[in-house]
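The next block holds one structure in the form of structure tokens; read it before the comments.
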Amino acid sequence: MSERRTIAVLVENKPGVLARVSSLFRRRGFNIESLAVGTTEREDISRMTIVVKGDDRTLEQVMKQLNKLIEVIKVSDLSENSVERELALIKVHAPPAKRSEIIEIANIFRARIVDVARDSFIIEITGDEDKINAFVDLMRQFGIKEMARTGKISMARGSKT
Amino acid sequence: MRAADAIVKALEMEGVEHVFGIPGGAILEVYDALYDSEIVHILTRHEQAAVHAADGYARATGKVGVAFATSGPGATNTVTGIATAYMDSSPIVVMTGQVPRAMIGNDAFQEADITGITMPITKHNYLVTDERQLLRTIKEAFYIAQTGRPGPVLIDLPRDVTMADIEFEYPEKVDLIGYKPKTKGHPKQIKKAVDLIMQAERPIILAGGGVRLSNAHEEVLKLAETIPAFVVTTLMGKGAIPETHPLCLGFIGMHGTKYGNYAVMEADLIIAIGCRFSDRTVGKFSEFAPNAKIIHIDIDPAEIGKNVRVDVPIVGDAKSVLREMIKMIKHKQRKEWFDRVEELRRKYPLKYKRDENVIKPQFVVEKVFELAPDAIVTTEVGQNQMWAAQYFKVKHPRQFITSGGLGTMGFGFPAAMGAQVAFPDRIVVDIAGDGSFLMNIQELATCVDYDIPVKVCILNNAYLGMVRQWQQLFYRRRYSATRLRYPELSFEKIAKGFGAHGITVEKPSEVEDALKEAFEIDKPVVIDFHVEVEENVFPFVPPGRSLLEVLDGE
Ligand SMILES: Cc1ncc(C[n+]2csc(CCOP(=O)(O)OP(=O)(O)O)c2C)c(N)n1
Ligand SMILES: [Mg+2]
């Protein structure tokens, strides 16, 4: 059965590490749905959050193969019991007649309008994927001119690291 | 100290005695430093051969093999050698020159992104961008290459880095936060495995290349004799126990012994040691050993469960795990199973049709074994490789060297060269095909130049024989591009042209004398055996089939 899984990969913050990780996915035929990279509490370590599609066996291979990369420090499966967040910036068509409606929807979603132009807004929204998808769907009726999503980042709940 | 001198000094500290390679602009500085060193550099005539030689050296000795190449084309020529070593987990370090740092990325003369190119075929690789990291990098490279599951490591050295001035402080240890290979098996898993072994009625040991890498030969033999259990091997595992031992059933898989394949399929327990269940060994994954529980001992956790389901995984170094296991195992008679296996062995022996007038390739290998049973044997790829594997009974660890995973034609000859450099006093034989030998034939020059007396036995069938065999069996004898037609070609003359010795053999009655002559001369020798042209390798399990679906060719 093919499902979407989230894994967190701690890597040494060195040039070429991202290429190694993405090259491994391509070579082994694993599909990356999203990938987010950023720093951690330590400046020599970066964290990648990768969403992959696959069954248990694929996930196991992905994790084992990642672990074999010398610069990979730790791989964890965050598919369950974790906090997930994504951020999106959406430039939406906003002529004067539609503005209040858009603002109202944004408020319901606790999204923020971060830029206002003559006939468009840039809206910032964070949340889990479902929330962002729902919001994006609602914005479509107004006309989305441009959108950028960060890809998901994720962290296990509780004191486990 | 000049960085280039520091590199050479670091190699000396790593115990390197031989380096194989070819110089060029970007690596000149290192070669200049090498000029004053005790390290012997063997100038091969192609960088691919330099890497294969380093690989053959590593496989024969267990030490790290080292190869040098210049930037650009020198570096790209190493790629097949590196991929070959990667697939067979061979510990080598390849150092390549690179254009100066400031020019990287600008398509400078002889620039190739060799770290990018080799990323998927190295265990790890480095582009040294800071000369202060140079020595740490070399230390790490040697450590990574030979620990855990061994493999090739490449270090790319920009020319200006090799010219820089650095302090020589060679690190004593490495500290890699992301690389801590686990060698000791989990006691609970070992206990579970022992329980399974004690319960089993039809146990069999499947030994792979990991046995050699972990130097676990004695332990495998001890385990086999203690249980007692028969041993089959993969192609890479040949020599895991002496093939002349009564418990050894030879190698299994596509061209393995029929009795070995059948025994595996009838077993109720497989104790797999350092093998990766490749398609060539297992046949159809889903039908492999249907009645057996599987214990899989491997240092690489990613190999466990990759191709076949495993009941008891044990991650660890084979030698250490087996030692623990042996302590707990008690001898148990399994007469019925032993009788059954002996019956299989009697019923389905390895065989070929002998001929008085035409040289059978199998006969040549049998003769090599008879006359030089202790020789180091390398092979090329194709039918020659399979006949060598079938008819040369390996007695010692590290005696049989072949490109298993990648199946690289042209590997055997330079690998033999590497092995011979490591063991100047042993007989080293490359069992070759006429097609494969041509892929690195230029190395005859190296052999003559450095007095490397390798014996090349060409099983010359005037075909890309293995491909022809597939065409015969699966493509109705449509021999598309497999005939190697060159009536004028004489390997004997070519060998002599290089200054080596050459012999042509056309009759079965001359085989023995030719081999004796070759083994006696202290020179590289090429023997061109004109063998039966359309001989096939049997038994043959067609690709993707169960190991029971064996073609015998009868
Ligand atoms: C570099 C490379 N190219 C192509 C192949 C595909 N291939 C496998 S066996 C074979 C034929 C080898 O011919 P030869 O060396 O004469 O050996 P024979 O099978 O005749 O003994 C070929 C072309 C290969 N394994 N390696
Ligand atoms: Mg041939």
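If you filter the range B:455-505 down to residues that are of a type in the set (Val, Ile, Thr) and within 12 Å of ligand 2 (Cβ to nearest atom), you find that the one that is nearest to B:Pro539 (Cα to Cα) is B:Val467. The strands (runs of 3 or more DSSP E) falling completely within the range A:67-161 that include 3 or more residues that are open to solvent by less than 20 Å² (accessible area, probe 1.4 Å) map to A:82-93, A:120-127. What do you reckon, is B:Arg159 farther than 30 Å from A:Ser46 by Cα, surrounded by fewer than 23 Cβ atoms within 10 Å (Cβ to Cβ), not aromatic (Phe, Trp, Tyr) and not assigned by TED's automatic domain parsing to the domain that holds B:Glu47? No: the conditions fail for B:Arg159. Listed by position, the helices (runs of 4 or more DSSP H) contained in the range B:111-221 that have at least 2 residues being among the hydrophobic types (A, V, I, L, M, F, W, C), touching a residue at least 40 places away in the same chain (Cβ under 8 Å) and farther than 27 Å from B:Tyr57 by Cβ are B:187-199. Counting residues in the range B:315-322 that are touching a Ser or Thr at 6+ places or on another chain (Cβ under 8 Å) and exposed (fewer than 12 other Cβ atoms within 10 Å of the Cβ) gives zero.
Checking B:Ser37, B:Ser90 one by one, the residue that is farther than 21 Å from B:Val429 by Cβ and modelled with pLDDT of 95 or more is B:Ser37 and no other. The number of residues in the range B:354-383 being open to solvent by 10 Å² or more (accessible area, probe 1.4 Å) and over 16 Å from the mean Cα position of the chain (by Cα) comes to 14. Scan the range B:367-412 residue by residue and report those that are part of a helix (DSSP H, G or I) and either within 15 Å of B:Met87 (Cβ to Cβ) or within 14 Å of ligand 2 (Cβ to nearest atom) (or both). Selection gives B:Gln383, B:Asn384, B:Gln385, B:Met386, B:Trp387, B:Ala388, B:Gly412. Inside the range A:13-32, residues that are more than 14 Å from chain B (Cβ to nearest Cβ) and open to solvent by 70 Å² or more (accessible area, probe 1.4 Å) make up a count of 1.
Residue selection: B:Met386 satisfies the criterion of being buried (at least 24 other Cβ atoms within 10 Å of the Cβ) and either within 15 Å of ligand 1 (Cβ to nearest atom) or outside the structural domain of B:Met265 (by TED's automatic domain parsing) (or both).
Among the residues of this structure, A:Thr49 does not count as one that is within 14 Å of chain B (Cβ to nearest Cβ), modelled with pLDDT of 90 or more and within 20 Å of A:Ile73 (Cα to Cα). No other residue among A:Leu35, A:Leu10 is facing chain B (nearest Cβ under 9 Å) and open to solvent by 20 Å² or more (accessible area, probe 1.4 Å) apart from A:Leu10. The criterion of being touching a Cys at 6+ places or on another chain (Cβ under 9 Å) and either open to solvent by 30 Å² or more (accessible area, probe 1.4 Å) or touching a residue at least 60 places away in the same chain (Cβ under 8 Å) (or both) holds for B:Met236.
The values are calculated or read from the model by the stated rules, or taken from the named source; none is laboratory data. What you see is a predicted model; the values in this text were computed from it and never measured. With ideal geometry, Cβ positions are generated from the backbone for all residues, glycine too; neighbour counts draw on all protein chains shown. SASA here: full protein model, heavy atoms, side chains in, ligands and nucleic acids out. Shrake-Rupley method; radii C 1.70, N 1.55, O 1.52, S 1.80 Å.
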